[in-house]
Amino acid sequence: MLATVGEYAREQLDARGAISECEERHARFYLKLAADAAGPLTHIDQDEWMSRLVDERDGIRTAVTYFLATHQWNEIVELVWALLPFWWISGQFGEVSAWLKRLLEPDVRLAEHLDAIVVFSVNAIEFTSQSAPDPGFIPVFADCVERFRRLGDESGESAALLSLGMAQLMQSPPDTDSAESTLRRSVQMMEQADNPFLRVTVGLVLGQLELMRGRTSAAVENFEMILALARSNGDRVNESGALNYLGWTKLLAGERVTARELFSDTLLLTTSTGSEWGTAYALEGFSAVAMMSGDLSFAGRMLGAADTIREHKGMLAVSTLSFFQPILARVLDGPGAAEFEAARAVGRETVLADAVEAALAWIVPVDTPQSGAEVAAVPAARSE
């Protein structure tokens, strides 16, 4: 019915020669909406604006399509950059990347600042969807940091520092010292720029760094601080991230039941906020608990469901959590690998809502053949 009404309205506007004006005004409305949303998306009103932007997603796409068709390049950059947290949370980086890559073609001329935003954004999106850690991103992000610094864009510089720190952390072996230095510079700049959302995000990465160094107590302290900060900001996305990492600290300490409860809390939050990438991480947590409990069928189904989210959302092909990989490798090298992979294939075909329901209903087996320490000797399992 609405499509019929829309078609009729378009015919009437066409008859009056008013379509172009209407499309321009429509696109400008969404450009202003993006500008209005930029601040609240990183503060206390995040949930309200996330919900509204989800409802307005088709209108936003139409606006970008119009700006592309009319070569209004600056407007595209302004709209996309303002809504960066929304694209990330809602898992739409793949679509956004296609828009921005158009702006890197030879016929497009952008001011240096807008060009810096596009180059950084395209590379940051590609970084999140790489199939394996690529050291080539380190000099790219370092250059982005310098460009934003030279242009006086503290928000851009701090975001580029975050990406640089993550790239340093994801190398094999991780460059934890350089990553920590970079991430702490990012924290300082985000505090100056009053960006609590990304400030909390960096805090989560710093906590992960502590886990990778085996400093479990320091990691727990960091994640609990970030959890409190996220809750005070009304930031349910990063609240779920802090809960997820706290789940890992408990799991690596052998506390499987507590870890399962924390992953359950994470899953409830990610599904309520519509954060599918967060749901993928929560399902991987359930998978790890099940692996460490000997329930390889359930573990495979949960990881398969997470695989599907990653493929659909253009996320990293496999989790890069350093403490997840040894657990997975131990299972894939063990006698239960065939059972696990068969269940993983089933999980890939499972409807997401069914996978979430199964995860929340699953109970950690009381009788388990092996402890977490026996499954994988992960440095993060040590408490200083």
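The values are calculated or read from the model by the stated rules, or taken from the named source; none is laboratory data. The shown structure was predicted, so the numbers you read here are calculated from the model rather than taken from an experiment. Positions of Cβ are generated from backbone atoms using ideal geometry, with glycine treated the same way; all protein chains shown enter the neighbour counts. The protein model used for the area step is the full one, side chains on, heavy atoms only, and it has no ligands, DNA or RNA in it. Shrake-Rupley method; radii C 1.70, N 1.55, O 1.52, S 1.80 Å.
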Checklist entry - Pick from region 334-377 the residues that are at pLDDT 95 or above and charged (D, E, K, R): which of them is farthest from GLU311 (Cα to Cα)? => result GLU339
Checklist entry - In region 312-325, is there at least one residue being more than 24 Å from LEU209 (Cβ to Cβ) and either in a helix (DSSP H, G or I) or at pLDDT 95 or above (or both)? => result yes
Checklist outcome for this item: Taking region 326-342 and keeping only residues that are of a type in the set (Gly, Ala, Ser) and in a helix (DSSP H, G or I), one is left with ALA329, ALA337, ALA338, ALA342
Checklist entry - How many of the residues making up region 95-105 are assigned to a helix (DSSP H, G or I) and open to solvent by less than 50 Å² (accessible area, probe 1.4 Å)? => result 4
Checklist entry - Can we say LEU161 is of a type in the set (A, V, I, L, M, F, W, C), in contact with a Ser or Thr (Cβ under 6 Å, 6 or more places away or on another chain) and more than 26 Å from GLY274 (Cα to Cα)? => result yes
Checklist entry - Would it be correct to say that SER217 is open to solvent by less than 10 Å² (accessible area, probe 1.4 Å) and of a type in the set (Ser, Thr, Tyr)? => result no
Item to check | Restricting region 343-359 to residues that are assigned to a helix (DSSP H, G or I) and open to solvent by 60 Å² or more (accessible area, probe 1.4 Å), the residue that is nearest to TRP248 (Cα to Cα) | outcome: GLU357
Next on the checklist: Condition (residue is more than 21 Å from SER163 (Cβ to Cβ), within 19 Å of the chain's Cα centre (by Cα) and open to solvent by 20 Å² or more (accessible area, probe 1.4 Å)) applied to region 236-244: is it met by at least one residue?
Outcome noted: yes
Next on the checklist: Exactly one condition in (1) assigned to a helix (DSSP H, G or I); (2) under 30 Å from SER272 (Cα atoms) is false for GLN130; which is it?
Outcome noted: (1)
Item to check | Out of VAL122, VAL108, sole residue that is open to solvent by less than 30 Å² (accessible area, probe 1.4 Å) and assigned to a loop (DSSP other than H, G, I, E, B) | outcome: VAL108
Next on the checklist: What are the pairs with Cβ atoms under 7 angstrom where one residue, in region 47-58, is open to solvent by less than 40 Å² (accessible area, probe 1.4 Å) and modelled with pLDDT under 90 and the other, located anywhere, is in a helix (DSSP H, G or I) and not basic (Lys, Arg)? Sequence gap at least six, or different chains.
Outcome noted: TRP49/ALA37; TRP49/PRO40; TRP49/LEU41; MET50/PHE86; MET50/ILE89; MET50/THR273
Checklist entry - What residue, among those in region 23-46 that are open to solvent by less than 60 Å² (accessible area, probe 1.4 Å) and hydrophobic (A, V, I, L, M, F, W, C), is farthest from the chain's Cα centre (by Cα)? => result ALA27
Checklist entry - Does any residue in region 305-326 that is farther than 21 Å from LEU352 by Cβ come within less than 6 Å, Cβ to Cβ, of a residue that is in a loop (DSSP other than H, G, I, E, B) and at pLDDT 80 or above six or more places away or on a different chain, and which pairs are these? => result THR320/MET170
Item to check | region 278-295, subset open to solvent by less than 10 Å² (accessible area, probe 1.4 Å) and farther than 17 Å from PRO326 by Cβ, residue modelled with the lowest pLDDT | outcome: GLY278
